[in-house]
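Okay, structure first, notes after.
The values are calculated or read from the model by the stated rules, or taken from the named source; none is laboratory data. The structure displayed is predicted, hence computed values, not measured ones. Backbone-built Cβ (ideal geometry, glycine too); neighbour counts: all protein chains shown. Remember, those area values only see protein heavy atoms, side chains included, never the ligands or the DNA or RNA. Shrake-Rupley method; radii C 1.70, N 1.55, O 1.52, S 1.80 Å.
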Amino acid sequence: MIEQPSSSTKTLNNKIEILSINDKDPNDAEGVQITPNERMVVSEVIQIWKHDPATESLGIAKLHVLVKAAQPNWSLSEKRLKTLLKKYGLLANQPKFCYVNEITSKPTPGLELPPKIKLQTAKSKGKGLYASQFIAKGELIWEEKPFIFVPPLDHVYLMKIGKSCAYCGKLLQSRLFDSQSFLNGLDCKYCSQLWCSKGCKKSDSLHIILNHNEKLSKSKNKLKLDSSKWQKYKEFCLENRWSAAFAVGLIRIHELSDETGIVAKQFDAFAKIGQDIRYKASDSSAGAFDNSNGGDGALFVKEQQELLWHKGHELFNEIFDVEGENPDTISQHKISYEDYLLYIGTYNINNIESLYLIQSHLNHNCVKNVDVRVADNTRKLSDGIKVYAARNIKAGEELVTSYVNPTHNVNQRKRELRVNWGFNCSCNRCKEEEKETHRLQSNIGSDPKKASPNPNEKKADELTVNGDKPLKSSRKNSMRKSSDLSSRNDIKKMLEGAKNDGEFELEEADDSLTVRRKSVRFDEKVVAVANE
Ligand SMILES: [Zn+2]
Ligand SMILES: [Zn+2]
Ligand SMILES: [Zn+2]
């Protein structure tokens, strides 16, 4: 059950206060031993692992030494450390919570595949895209416009004041643009918003519905909503840095304003999963490796998470409370709390910022064979994606992308995949690297720096893709919502690295083809996850 805001806030404050012990000047506590609480311990271990991923391979005894070195004032036994790691699902070889079997998906109605590509469903893998003929390295396999375009949440305010395109979010900095825009009719006659191009103005089919609903003629077919409530919902999303909630609002309104009904059917066909189920995977590792909260697991409190979901749901449904509208119609527009979480989870596992019908069918492999490129200097985010062959692809081979940063080591990748997409990766690269890790561990053991191989991209690229276990379900993560309780620091870091168009660069060692990719948090998406 959800607690009242006041009591939840209190609970959180208590936790934060306890945690603040960490930040005290060590001199204050000199000689005084303290007993750390659970989250302090887990948080410390995670910090150690993040600082040096090689330490993830260490046994409890060595890890205990590192924790004691970092926190000399802690009274913490090796046994308690082990108990806590076990409780939070952080012990190596411990069964981990996966939700791949709970992800459902359907054939997408009206899906038009590019030449050279076929859709296949394998018993063990679920849906996936396959080459129907040879595709040469570097070849453009397809381009795709977003199914639902979601502008960068960060630009929402700039859009409102006409500093950023009202549709694609592109920054409009030139003052000249203001005067030109009037000439070109790129301004809205009801508000201060501007579009960067005729194409954007035309694509922005929801502008009037969302912002000036009261101006719509009373014709019965038009969706009625309260523009000021939509504004309020957007502000709530922005305050909480919750992109998924913003996206879900747009998706639902697209569905309702589409008289053909195809938008709703196509969204319904995406790999689906409730956000509450995804959250379990994150919670089982103390939220530590959830991309959406910056990995600051210790502050990731379930009560607060649920409070946020409920608040989002409530504000979302208020959008449809329009005076004079038929009450039955209003209740058809609203969605249940369970469905709201389903929309959020589904968006999260499938998006790469926006949602794409074809691209969402790409399964994951830690060695990709296609590059998904988003906007670059010559194209806007709303122009969509281009998908290229990252190497020669044989007829019959599955097309695969990497949902996570390929430079991360095997432990990190597997954890990110499990938490964000619900499956245990067992691709060839993961198998090889796990073997290598074990080998080094038994040979070297004593030197933590050498305990985990730094993945060598070149070698990885030579591994065959055949035999990987695909996932087929949707993703994303991304929990991109940097949402749920993101760590503010993490967001700050992210924003510092942000480009004008709201993208984030990913350090990618190996790959000259991919000009720019999303950070892990905003990485490509996926669809369908099948169990082996
Ligand atoms: Zn634009
Ligand atoms: Zn307007
Ligand atoms: Zn893998």
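Quick one: if you stick a label point 7 Å off each Cα along the C-beta vector at S336 and K50, how many nm between them?
Taking the simple label geometry, S336 and K50 are separated by 3.7 nm.
What is the extension gain from A70 to S217, computed as 0.36 nm multiplied by their sequence separation minus the C-alpha to C-alpha distance, in nm to one decimal?
The span from A70 to S217 would gain 46.3 nm if fully extended.
Ranked highest first by average number of other Cβ atoms within 10 Å, how do 49-55, 270-276, 396-402 line up?
Going by the mean number of other Cβ atoms within 10 Å, highest first, we get 270-276, 396-402, 49-55.
Taking 22 Å as the cut-off for C-alpha to C-alpha distance, list the pairs among K280/K414; K232/K302; K368/K435; K163/K201; K86/K311; K145/K189 that go past it.
In this structure, K232/K302; K86/K311; K145/K189 exceed 22 Å between Cα atoms.
Which cross-chain or sequence-distant (5 or more) residues have an amide H under 5 Å from the amide H of L172, H modelled 1.01 Å from N in plane?
S164, C165
Give me the extension gain from E102 to T35: residue separation times 0.36 nm, minus the current Cα-Cα distance, reported in nm with one decimal.
Length difference between fully extended and current span is 20.2 nm.
Under a plain spin-label model, where a point goes 7 Å from the Cα along Cα-to-Cβ, how far apart in nm are S257 and S426?
It is 4.6 nm.
Report, by chain and number, residues whose modeled amide H sits under 5 Å from the one on N363, excluding near sequence neighbours (fewer than 5 apart, same chain).
Sorted by chain and number, the residues that satisfy this are L129, T401.
Can you compute the FRET efficiency between K86 and E139 using 1/(1 + (r/R0)^6), with r the Cβ-Cβ distance and R0 = 60 Å? Round to the nearest 0.05.
About 0.80, to the nearest 0.05.
From the phi of every residue in segment 357-368, what ³J(HN,Hα) in whole Hz does the Karplus formula 6.51 cos²θ - 1.76 cosθ + 1.60 yield, where θ is phi - 60° and glycine or proline is x?
Working through the residues one at a time gives 5, 7, 4, 5, 8, 6, 8, 8, 8, 5, 10, 7 Hz.
Given the protein chains as shown and a 1.4 Å probe, how many square angstrom of R241 are accessible, to the nearest 10?
Taking all protein chains as shown, R241 has close to 40 Å².
Name the long-range amide H neighbours of L355: under 5 Å, sequence gap of 5 or more, or other chain; modelled H, no Pro or chain starts.
F147, I148, V150
Stretch K302-D276 to full length: gain in nm at 0.36 nm per residue minus the Cα-Cα span?
Stretched out fully, the K302 to D276 stretch lengthens by 8.3 nm.
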